[in-house]
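See structure below.
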Amino acid sequence: MLGREHLLEVMAGRECYHCKQWVEEGEVHDCWTTTEAALTQDLTEDLRDAWGRLRDTAAEFGEQRIYASHNSIMFSRKSCYFFVRPKKGFLEVCVFLGRMVKAPQVRRAERTSKSKVAHVMQIRHRDEVEPPITDWLHEAYDFSAASEVNAGSTRGTKKTKPATTKKVKRTRTSSAATTRRSNKARA
C-alpha cells in the first residue's frame, strides 16, 4: 500500500489546501477567488434590488475598494468597514462601528477589537436600505478613516511610563504629641 507522501512524489501536481482538489502541474486553479456577480447571481429579485441599493449607497460615500472575498462582498478603505454575505433569504450585513448600537435592525453586536464593534443585520427588501442603516454605514465609513489616522499616529511609537516619584514614608505621631502641638498653636 502506497502512502500519501509517496503518491505526491510520484504524481506531478498538488492538492489545493482550500478545496482539497488535485491540481495537475501547470493547470490553472482558482477556487478561492470569486466575484460580486457570482455571489449575487442566485438572489431573488427583491434581494438583488436591495443589494443594488446597498452597493450604490456605499459607493457614494467616497473612495474605497469593493471586492468579493470567499462568501462576502467587502467594502473597505484601508481596512474593511462593512461587508455583505448574500444568503438565500436575506443579505447579512456586518458593519464595524466605534460604538455599540442597540436597535431592532441589529440582530447581534460583538466587540471585535478595542475600538470596533461588529453589528450584524439582515436585509430582505430594498426599502430597508434607508436610515438608520444608511447612517450607520456612513458612520462606519467615517470611523474607518478616523481609526486609520489614529492608528497611523501611534504605530511605531513606544509608550513610556511616566517617571515615578519616591514615596516618603510618614511616621505616625502619638495623640499626646498632636495635643501638645495644638496647645502650642493656641498660645
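The values are calculated or read from the model by the stated rules, or taken from the named source; none is laboratory data. Since we're looking at a predicted model, the values are computed, not measured. All Cβ positions, even for glycine, are placed from backbone atoms using ideal geometry, and neighbour counts span all protein chains on display.
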I need every pair where a residue in the range 104-116 that is closer than 21 Å to Glu130 by Cβ has its Cβ under 9 Å from the Cβ of a residue that is in a strand (DSSP E or B) and of a type in the set (D, E, K, R), sequence separation at least 6 or different chains. Arg107/Glu92
When you look at Arg85, is it assigned to a strand (DSSP E or B), more than 21 Å from Ser147 (Cα to Cα) and modelled with pLDDT of 95 or more, yes or no? yes
Can you work out which of the residues in the range 18-48 that are part of a loop (DSSP other than H, G, I, E, B) and more than 30 Å from Phe90 (Cα to Cα) is modelled with the highest pLDDT? Glu25
